[in-house]
Amino acid sequence: MAEVTLKGLTKQFKNVTAVNQMNLEIRDGEFMVFVGPSGCGKTTALRMIAGLEEPTDGEIYIGERLVNDVSPKDRDIAMVFQNYALYPHMTVYDNMAFGLKLRKMPKAEIRTRVDEVAKMLGLDQLLDRKPKQLSGGQRQRVALGRAIVRQPKVYLMDEPLSNLDAKLRVQTRSEIIKLHRRLGVTTIYVTHDQVEAMTMGDRITVMKDGLIQQVDSPLNLYNKPVNMFVAGFIGSPAMNFVEATVEADGSINAGHFTVKPKGGLVDSLKSYAGKKIIWGVRPSDIFAKSMRPDLADGGGSELNALIEVREIMGDRAYLYLMAGKHAIVADVESETPVKEETTDAFVVDMERTHAFDVESENAIY
């Protein structure tokens, strides 16, 4: 096992900077997730760590070893790809054993390693089959197994679940988490799916346009986003953003409604009196007033809104609201007594709201 350290890592393709001055320390044994929209640089960063792309600038350390000029096969990493990359003419056993055979490892040790990992992944009855005889989930487990038998210092995984259906994706996700806990090997996992990132990562690196936006635990990213991009990217449904003006007393005037933060949050807005801000509230922090009258005590948290659409999602319901000119989504209990095409009173948990600077889009609180 080993930590991975990136210092000023940069990659340019002609006039495009895919990764820009990436500084990051990934701890020994940590499960680190790189997440962001397509084109944000997460896969390019992973490929540079693997040695498949040459950095334009910066340094990559695996443990204390600078590996910029070390070939991929000598970096002691194992990579799992999105497309499995299995040899179609080889059996499951031979696919898993291939890298060990290249290293001229003794046959008995190869057999021991492959058998142990196959049993761990539930592939022990499939070792004589070829990839075309396997399901998508089984093929992905073979690809994982091929990486695990190597016993490398670092696992690199590039969207390994994106070709699986939703149910299988959830199942395989839990298998990868359990494997990591069992093996304890440093793992870097790339995905565009923030749900995967939130459920799998010890820490998450959120990227946009080649730049790191925030590196933090899943809960801190959700509760304390540093800017509007992170706030909007992490969480489903996405955070609601409303343009508003800060009043002299710290109230937030959105035109159709006025709300007021509580406690010390008001102090954060003092310098913004008379100025525009972006007020943010997560759908799960909005409630029908009839369900949470306690939040209405003292005022400063209420708004009236037209319920345009109500989507039942089992025990939850998504309400698509119009509060004046502002479109807002609320995530409420499905038993909440509201009807479409009617106006109702809603309350907000003001202690869990957010405010952002209009120009920089950085968090005010």
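The values are calculated or read from the model by the stated rules, or taken from the named source; none is laboratory data. Everything numeric here is computed off the predicted structure, so don't read it as measured data. As a convention, Cβ positions derive from the backbone with ideal geometry for all residues, glycine included, and neighbour counts pool all protein chains shown. Side chains included, ligands, DNA and RNA excluded: accessible areas come from the protein's heavy atoms. Shrake-Rupley method; radii C 1.70, N 1.55, O 1.52, S 1.80 Å.
What dipole magnitude, in Debye to the nearest 20, does the chain give about its Cα centre under +1 on Lys/Arg Cβ and -1 on Asp/Glu Cβ? Walk me through the numbers on the way to the answer.
Working: 46 positive and 49 negative charges, 380 e Å.
My answer is approximately 1820 debye.
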Tell me the angle of helix 107-120 to the major Cα principal axis of the chain, expressed in degrees between 0 and 90 and rounded to the nearest ten. 30
Give me log10 I(q)/I(0) at q = 0.09, 0.10 Å⁻¹ for the chain, Debye formula, one equal scatterer per alpha-carbon, no solvent. -0.64, -0.75
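Counting only protein heavy atoms and a 1.4 Å probe, tell me what percentage of segment 162-236's accessible area is made up of carbon and sulfur.
On the way: 1680 of 3290 Å².
On segment 162-236, the fraction of accessible area on carbon and sulfur atoms equals 51 percent.
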Could you sort HIS89, HIS192 by accessible area so the largest value comes first, with the probe set to 1.4 Å? HIS89, HIS192
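Express the carbon and sulfur contribution to the solvent-accessible surface of segment 1-148 as a percent, rounded to the nearest whole number, probe 1.4 angstrom.
Details: 3480 of 7450 Å².
That fraction is 47 percent.
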Please report, to two decimal places, log10 I(q)/I(0) for segment 42-96 at q = 0.19 Å⁻¹ as given by the Debye formula with identical point scatterers on the Cα atoms and no solvent. -0.74
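Under a point-charge model restricted to the Cβ atoms of Lys and Arg (+1) and Asp and Glu (-1), what is the dipole moment magnitude of segment 1-96 relative to its Cα centre, in debye to the nearest 20? Mind showing how you got there, number by number?
On the way: 9 positive and 13 negative charges, 77 e Å.
It works out to roughly 380 debye.
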Compute the helix-to-body angle for 92-102: its Cα long axis versus the longest principal axis of the chain, expressed 0 to 90° and rounded to tens. 70
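Full extension from VAL16 to LYS104: what is 0.36 nm times the residue separation minus their Cα-Cα distance, to one decimal in nm?
Details: separation 88, 0.36 × 88 = 31.68 nm, distance 4.17 nm.
So the extension gain works out to 27.5 nm.
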Give the shape of segment 1-54 as rounded, prolate or oblate, defined through the alpha-carbon gyration tensor: a ≥ b ≥ c are the square roots of its eigenvalues, a/c under 1.5 means rounded, and otherwise the shape is prolate if a/b is larger than b/c and oblate if not. prolate
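Would you please put 42-50, 213-221, 331-339 in order of how densely packed they are, using the mean number of other Cβ atoms within 10 angstrom per residue and starting with the highest? Mind showing how you got there, number by number?
Numbers: 42-50: 23.3, 213-221: 18.0, 331-339: 13.9.
My ranking of the peptides, most packed first, is 42-50, 213-221, 331-339.
Can you give the FRET efficiency for LYS132 and ARG111, using 1/(1 + (r/R0)^6), R0 = 30 Å, r = Cβ-Cβ distance, to the nearest 0.05? Let's see the in-between values first.
Numbers: r = 24 Å, r/R0 = 0.80.
With R0 = 30 Å, the Cβ-Cβ based efficiency is 0.80.
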For a quick check of understanding: with a 1.4 angstrom probe and all protein chains in place, what accessible area in square angstrom does ARG310 have, to the nearest ten? 80
With the charge dipole of segment 1-127 built from beta-carbon charges (+1 for Lys and Arg, -1 for Asp and Glu) about the Cα centre, the Cα from GLY8, ILE60, VAL117 projecting farthest to the positive end belongs to VAL117
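Could you give the accessible area per residue of segment 130-266, probe 1.4 Å, as a whole number in Å²?
Numbers: 5570 Å² over 137 residues.
Computed with neighbouring chains in place, this is 41 Å² per residue.
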Accessible-area value, ARG129, 1.4 Å probe, nucleic acids and ligands omitted, Å²: 100
As I understand it, the dipole of segment 282-349 uses +1 on the Cβ of Lys and Arg and -1 on the Cβ of Asp and Glu, about the Cα centre. Which of ILE286, ALA323, THR342 lies farthest toward its positive end? ALA323
Would you please give the residues with an amide H less than 5 Å from that of ARG203, counting only those at least 5 places away or on a separate chain, with H modeled from the backbone geometry? PHE31, VAL33
Which FRET efficiency value, to the nearest 0.05, do you get for SER162 and ASP209 by plugging their Cβ-Cβ distance into 1/(1 + (r/R0)^6) with R0 = 22 Å? 0.55
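Counting Lys and Arg as +1 and Asp and Glu as -1, each charge on the Cβ, what is the dipole of segment 123-262 about the Cα centre in debye, to the nearest 20?
Working: 19 positive and 14 negative charges, 180 e Å.
Value, rounded to 20: 860 debye.
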Highest average packing first - 168-176, 62-70, Cβ atoms within 10 Å: 168-176, 62-70
If every alpha-carbon in segment 1-111 counts as one equal scatterer, what log10 I(q)/I(0) does Debye give at q = 0.10, 0.21, 0.22 1/Å? -0.37, -1.19, -1.24
Mean separation of Cα contacts under 8 Å (at least 6 apart) over the residue count of segment 21-114, i.e. the relative contact order in percent, is 14
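Out of the DSSP beta bridges found with both residues in the chain, what percent are antiparallel (nearest 5)? All intermediate terms of the calculation are to be shown ahead of the outcome.
Values: 58 of 76 bridges.
Roughly 75 percent of the beta bridges in the chain run antiparallel, per DSSP.
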